[in-house]
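The values are calculated or read from the model by the stated rules, or taken from the named source; none is laboratory data. A quick note: this is a predicted structure, and the numbers were derived from the prediction, not measured. Heads up, the Cβs are rebuilt from the backbone with ideal geometry, glycines too, and the neighbour counts pull from every protein chain shown. Surface areas here come from the heavy atoms of the whole protein model, side chains and all, with no ligands, DNA or RNA. Shrake-Rupley method; radii C 1.70, N 1.55, O 1.52, S 1.80 Å.
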Amino acid sequence: MSASPVWLLVVIFLGAAGAIWVAGIQLADQTDVLTIRLGLGAALGGLILLAIATNLPEFAIVVSASVSGNVGVAVGNILGGIAIQTVVLVALDAFGVRGVRPLTYRAASLVLVLEAALVVAVLAIAIGGTQMPGTLITARITPAPVLILIVWVLGLLLLQRAERSLPWHESGQPPDGQERPRGHCTDMTEQLATARGISTRRSAVIFGVAAAVTLIAGVLLERAGDAIADHIGWSGVLFGATVLAAATSLPELSTGLRSVRHGDYQLAVSDIFGGNAFLPVLFLPATLLSGHAVLPAAQRTDIYLTALGIVLTLIYAAGLLFRPRRRIARLGVDSLTVLIVYGLGMIGLFTVSNMG
């Protein structure tokens, strides 16, 4: 694909991104239907099934890049994806939320703060894993990705318990938060599917087709994106952390906009944090497929992006606790801060990538 002209590569890249957007909408809808009908529960359905579904483009890119030995793109897409998916909340705040109160004021919940803490925990382990020796690998696995998987699973179990009850007033829910309980958007989607006569089997088939389209489009994104990066002189890390990560965040944007427009603000934020907590789990298949210790091979830019992802997540965690009431240019104070920090972070990323 590297021999193709740039215009054709751009067409392929944009076409794959469009396919991911359309398939992502179907993935989200069918995930809601299957979550209700299979009795998976809000925590397991929202944080596992939807996290995996909306991150299928990243999974496809990680697999494709790891098999081809282009580990830099895989690592950059995972860590850069976390930062830019957090910025998706800025778009949801600006274009999805109606009224005078910003996103985190409406979505405030201690459970969401715990989800943000899980994101920070797995990213901290990833940073620690970058300092381990690359020779510490047995049976094609290294300690850090395994520990990330364990912490992720334990975190989900704690979140499932927190969903049922927290020893706080109103289980950590503010009295003037969102009007209807978290997950009502999921119920609406399932009821609409039932009214249309969509069976569980048909929903599963649609989910499978959309997943296949997403995986194929993800591979095309990675191949076309890598070739475009070569043509324009960008490193794979920079392209993976910016343009490629933005394209693979389209499912989160589409599902988030749907949730906030139905008034399910907590679900929208949870989907972002849940996906971000899941992304570092992909270091395990990346290590298995490449046969190399991926995290110890991380570059300065990868560690930088991890730190940026932690900072952006903590800003929103603070917003969920302090609940800013004002909107400035349609953004809450926390969203505006995230946008500024991310912009400065991208300038810093280019600076770090150009260091000798």
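Here are a few things to note about the model shown:
- Here the accessible area of segment 96-143 is 69 percent carbon and sulfur, with a 1.4 angstrom probe and all protein chains present.
- Rounded Å value of the spacing that divides the Cα centres of segment 234-309 and segment 104-121: 17
- Most mobile of 343, 76, 225 in a GNM of the chain (Cα contacts under 10 Å): 343
- Kirkwood Rh and Cα Rg combined as Rg/Rh, segment 194-266: 1.14
- When peptides 323-329, 226-232 are sorted by average Cβ neighbour count within 10 Å, with the highest value leading, the order is 226-232, 323-329.
- Note on residue 7 and residue 340: the extension gain reaches 116.7 nm, defined as 0.36 nm multiplied by sequence separation minus the Cα-Cα distance.
- Solvent exposure of segment 194-276 as accessible area per residue, Å², 1.4 Å probe: 36
- Peptide packing for 82-91, 292-301 was compared via the average number of neighbouring C-beta atoms within 10 Å per residue; ordered from the highest value, the list is 82-91, 292-301.
- Estimated FRET transfer efficiency (residue 355, residue 191; beta-carbon r; R0 51 Å; 0.05): 0.40
- Trypsin sites (Lys or Arg not before Pro) within segment 91-155, DSSP loop, no more than 13 other Cβ atoms inside 10 Å: 98, 140
- Distance distribution note for the chain: the fraction of Cα pairs above 38 angstrom is 13%.
- Three principal axis extents describe the C-alpha atoms of segment 7-165; from largest down they are 52, 47, 34 Å.
- Nonlocal amide H pairs with residue 332, under 5 Å, H built at 1.01 Å: 103
- ³J(HN,Hα), Karplus 6.51/-1.76/1.60, whole Hz, each residue of segment 195-208, x for Gly, Pro: 4, 7, x, 7, 6, 4, 5, 5, 4, 5, 5, 4, 4, x
- The phi-based Karplus calculation (6.51 cos²θ - 1.76 cosθ + 1.60; θ = phi - 60°) puts the 3J(HN,Hα) values of segment 333-350 at 4, 5, 5, 5, 5, 4, 4, 5, 5, 5, x, 5, x, 5, 4, x, 4, 5 Hz, whole numbers, x for Gly and Pro.
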